[in-house]
1. Sort out which residues of region 809-840 are of a type in the set (Phe, Trp, Tyr) and away from the ligand (no atom under 16 Å from the Cβ), and write them in order of number.
2. Report yes if GLY728 is within 12 Å of the ligand (Cβ to nearest atom), more than 22 Å from PRO869 (Cβ to Cβ) and not acidic (Asp, Glu), otherwise no.
3. Just to be sure before I move on: is PHE54 part of a loop (DSSP other than H, G, I, E, B) and in contact (Cβ under 8 Å) with a residue 40 or more places away in the chain in the structure I sent?
4. I need a count of the residues in region 503-531 that are out of contact with any Asp or Glu (no Cβ under 9 Å at 6 or more places or on another chain) and modelled with pLDDT under 95.
5. Please find, among SER254, SER262, SER288, SER292, the residue that is hydroxyl-bearing (Ser, Thr, Tyr) and surrounded by 22 or more Cβ atoms within 10 Å (Cβ to Cβ).
6. From the list ILE997, ILE953, ILE982, ILE941, pick out the single residue that is free of Cβ contacts under 8 Å to residues at least 60 places away in the same chain, β-branched (Val, Ile, Thr) and in a loop (DSSP other than H, G, I, E, B).
7. Can you name every residue in region 230-254 that is over 14 Å from SER328 (Cα atoms) and among the hydrophobic types (A, V, I, L, M, F, W, C)?
8. Go through the residues of region 359-376 one by one and say whether even a single one is touching a helix residue (DSSP H, G or I) at 6+ places or on another chain (Cβ under 6 Å) and among the charged types (D, E, K, R).
Amino acid sequence: MNFVFWQSILEKYWGISSKLSLLDGEFDLNILVRSTDDKQYVLKIMREDCLQDFVDMQIQAISHLKSIEPELPFPDIIETISGNKFIQCEDNLGRTRLLWLIKKLPGQKYVEYKRNNLNVVKELGHMIAKCDRSLESFEHGFLTRSLKWNLIEAGWVEKHTDLIEDPSRKVIVQNIIKEYKNILPKLREQPFQAIHGDINDHNILVAGGLKDQPYISGILDFGDMCHCPRVCNLAIAAAYVVLDHDQPEAALTSLVSAYNISSPLTVAEFDLIWPLLTMRLAVSVVNSTLMSNDDPDDPYITVSQAPAWRFLEHNFQNSKFIAARLRSKCGKPVVEGADRVLSYLEEGRGSFAQIFDFDLNSLPMGSLSVENSSWPQNPFSLPLDEALKVGSDIIAKDGFWMGYYNEPRLIYTEPAFRNGPWKASDRRTVHLGIDIFGPAHLKIRAPIEGKVVVAENRKQHLDYGGVIILEHEIPSGDLFYTLYGHLDPKFLKELKVGDKIQSGAVFCTLGDNKHNGGWAPHLHFQLALMTDGIEKDWPGVGDPDEMYLWNALCPNPAALLNLPDSMTNYEPVLKDQVLRDRKSCFSNNLSISYNDPILVTRAWKHHLFDEWGRPYLDAYNNVPHVGHSHPRIQEIAAKQMKRVNTNTRYLHPIQTAFAKKILSKFTKNFDVCFFVNSGSEANELALRLARAHTKSKGIVTLDHGYHGNTTGAIDISAYKFNARGGVGQVDWVELIDLPDDFRGKFKRDDTDCGRKFGNLVNAAIERLEAKQKKVGAFIAETFPSVAGQIIPPNGYLKEVYKNIRNAGGLCIADEVQTGLGRLGKHYFGFEQQEVEPDIVVLGKPIGNGHPIGVVVTSREIADSFADGPEFFSTFGGSTLSCMIGKEVLEIVDDEGLQENAKQMGERLLTGLREIKNKFHQIGDVRGMGLFMGIDLVKNNITQDEDKDLCTYIKNRMRDSRILIGSEGPKDNVLKIRPPLTIDAEGVDMILHYFEKIMNEV
Ligand SMILES: Cc1ncc(COP(=O)(O)O)c(C=O)c1O
């Protein structure tokens, strides 16, 4: 490339002095121009035989678009000094070339952007709609040239399908062509206009940092403009938006629905999108197969087609079903005639034949919802004995009751209900029919005349058992379908596909649990307006994020049961309302996690479930130490609530039993426990004990530490008193540096750094003494958590404790975060530091959600405190608290949770360190057991903290259904701190998504 030559051309025609570099381009040369006044352009040097009309069409189209939609990000065309939009000149080899210059747009190519952000896709949908609308009035003679990429001419690929060697791929492409030929007449009927024709992932630019909402900053390359129906433009863009997308259906519906808002689509266009989308990919793969035949040594050709093949091989779907999805997302009838069927059902409500021999209006409704029920206890497994009892707690007249339509439930536990490999993958939870519970063998009548289209016995565990689907025709000729599940399969002896069932005729009976899939006897009754794509295998429950489709395809069947919709429609709790109420009832500084907060209605071990039953892996909460909703805790708490719950003014053996269990985890130097209700209260008490014993008020503590929310606890929590609007530092507190061997003044490679950090305590003692204050105590979280999940270097606390004790102070270990086995190798953090504190504070995990705080110390210190006024905490040490606290400690032992923390912690740490090696943005990975921190940096030489990246990853992990937090003085440390029950699958899910999200940045 002779840059000097092109620099002179730029200077001569455009008056621009510049530096040049080459950009990519299929046929033409694209040169990046950086002018001396710091502007950037792209010089387009067209191929030698390029027609003037080709350039003229593009330039005129861009000018036309800019005049109608000046806000849209199309490139500005830079005129020459003499006012021309393009020129013709000779290149350095004497060949005639057409040249034009455009302003460079910011951003990266969509194909490199790689984030699955649906907002960007929506923005693209709006832009394409505006672009099409503007181009309606654009004409140019060159638009009607023959073009292999014009979808109206795409039939040319058919004669090349034999070049596809892989037989299954060949069949895929042949099927696409068959469908394309079917829709071609309809396509030809659509109005023709000018379209861009190539909005692919290389021609879309995306800009915006991690903090700002990303946005589309450019739409490039008008070289494939042509004359054809506008839906082709949308289908082409859609073909690239779905490639390698996490949720291709969501991406497609987001794009199309945004387009439809800006420029309404016709139902015919909705139905054309999928066949055109797949045809575009077929053209693309056939084209590159031809190219690789011409140039077999070019590996790039195969690589570039890989995403299209991946998509076609894994996402081939029924086009009518996709059309139904798109139509329902955009509020159109889900299928032709759906509106007529719905009106027919509405008019007939109240006059259909009774399905049972009694009026269903008198039956009670019972809820199995995520929010209102606790079925099943373990949302990942429903044993048959529990399935049989589902709903047995619902008080129903004569055993009859009905289950809601549109109700999110957790009883669908089999992996088949999951869309993904993880327990926290998307899960189908929302019931799409109405259930009628009653005794087995009850006769069932057809609500209207119908024809049997399915009659089967599905014998699998928790399947339907006997199932029948009837097809019904209404007077307008439109069809709809009803499904009857959990039947006694003996109907199979009499019924066969094709049989007509008269309205009101008995055609089957309710199955018992031996024949109905294993459930308590009930009928699952469901309606569908179309069966394409679901055929015999209707989902009985839908993904909560796809209810726009399922509510339209399988609407509430209440009308056919002569019931009002309002009686049978489940109304889930509304998150937005809860959020609004929260804002109105509570203070503004009550914090809430994540950009998109989570409404939690159920939990089990290390998983949470929201109001729609969406599962989340809980990798953040240390309070449910032995796992959420632990059956032993449930049982012991319920039993004790029935007996007595009172305070320590009365005797009860559980009080000392709990104390003895705690003391069994300490050396013999600890003999006394105090029971309170929270970590804050425990820290307050610890300060009082130390002061009573030493008669000194001064406290030395760590910078950025946190010990609770009470007045005294805030005074020793630099994280709070030094925060914006904080109360500031009191004169009896002195701070020392965090023992952070990654960011602190002494580093990990210094073998003496623990002692050096520990020595800093002496200066703090001296500062107190300079104020005539003596040190009463040193208090620290053994491993500082809010300060960034710090693991102090070896020898640190040994040095601190020695110096504090020399100055007459006591040493308090706040083990609220680190105690009770979380660290795996050690039951308490101070054991890792090979020290023994004078006072230890325990909190959060010890109650597994029940409010308990404990202070443990020696008899000698307790006696000093006992010289003062009576100690009493109303709820501390209540009978219930002691029962729960002791049970928690026993569960940790019985279930080997400390060992699990060790093994899972090692698995996680090893995986995180491997990921760290791949990304310069990960400055440090540190942790022990299930106490883990990932320090994110902008630059791995300066190690500047990257808070934006940390926030981005935390929220993207949440979007991926994994809950983690962020900490550190600059909020740049990801915090992973799951319940101790986390298993290998959970750890692997964290690693999988963490690496995937790191790849997005
Ligand atoms: C180390 C530490 N100490 C004390 C507390 C205060 O505990 P509580 O919120 O139970 O009062 C916390 C709470 O986050 C903590 O992390």
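The values are calculated or read from the model by the stated rules, or taken from the named source; none is laboratory data. Every value quoted in this text rests on a predicted model; they were computed, and no experiment measured them. Ideal geometry is used to build each Cβ from the backbone, glycine not excepted, and the neighbour counts take in all protein chains shown.
1. The one that is of a type in the set (Phe, Trp, Tyr) and away from the ligand (no atom under 16 Å from the Cβ): TYR827.
2. So GLY728 does not fit the description; no.
3. no
4. 4
5. Exactly one of SER254, SER262, SER288, SER292 is hydroxyl-bearing (Ser, Thr, Tyr) and surrounded by 22 or more Cβ atoms within 10 Å (Cβ to Cβ), namely SER254.
6. Testing whether each residue is free of Cβ contacts under 8 Å to residues at least 60 places away in the same chain, β-branched (Val, Ile, Thr) and in a loop (DSSP other than H, G, I, E, B) leaves just ILE941.
7. If the condition is that a residue be over 14 Å from SER328 (Cα atoms) and among the hydrophobic types (A, V, I, L, M, F, W, C), then VAL231, CYS232, LEU234, ALA235, ILE236, ALA237, ALA238, ALA239, VAL241, VAL242, LEU243, ALA251 are the ones that fit.
8. For region 359-376, residues touching a helix residue (DSSP H, G or I) at 6+ places or on another chain (Cβ under 6 Å) and among the charged types (D, E, K, R): absent.
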